[in-house]
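Shown next, in structure tokens, is the structure this report addresses.
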Amino acid sequence: MKPCEKLDEIVNVLKLLTAKTESIEVALTDKADKTVLDVFSDKLASVENSMDKLTQSNADLKKEFTKSVEGIKHSNAKLGDSFECKIEEKVGSLESSVNKENKLDTHFIHDCVQGAVQVQLKEDLAEQEDIKRRKNNIVLHGLQTSR
């Protein structure tokens, strides 16, 4: 073999080694990029999982809140009904007591009016009798009356 051929062979081997080195570098770069991508993908999956858990937790809290609100509405309705019944009872008792008072007042007023009418009637009768008695009297002017 000639030295020229040996040099050509060495150059060819160097070219092959250079090509091989470049392909190894590209593979390493791709591998590093793939590792970073895998880590990023794992983190993204973890974030998605956390997001799903939070969404579920939010839905559960919303259901509990809705149940609590419905319970409060129901208890408020019961309280309202209870207060309404109590108010109706109080109004009924006040109404009956007012009616009793009115009956008593009506009887009292009736008795008072009846008493006043009887007194007036007695006075009118007394006056009528006095007028009747005087009709028969003779009045003499200047004569003193005996008492």
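The values are calculated or read from the model by the stated rules, or taken from the named source; none is laboratory data. Given the structure is predicted, the values throughout are model-derived calculations rather than measurements. All Cβ positions, even for glycine, are placed from backbone atoms using ideal geometry, and neighbour counts span all protein chains on display.
Tabulated results
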read-out: Boolean, Q128 is of a type outside the set (D, E) and either at pLDDT 90 or above or loosely packed, with under 10 Cβ neighbours inside 10 Å (or both); value: no
read-out: Qualifying positions in the range 1-15 - part of a helix (DSSP H, G or I) and either surrounded by 10 or more Cβ atoms within 10 Å (Cβ to Cβ) or charged (D, E, K, R) (or both); value: E5, K6, L7, D8, E9, I10, V11, N12, V13, L14, K15
read-out: V91 being surrounded by 10 or more Cβ atoms within 10 Å (Cβ to Cβ), part of a helix (DSSP H, G or I), at pLDDT below 85 and over 29 Å from the mean Cα position of the chain (by Cα); value: no
read-out: From the options L37, L104, L61, residue that is among the aliphatic types (A, V, I, L, M) and at pLDDT 80 or above; value: L61
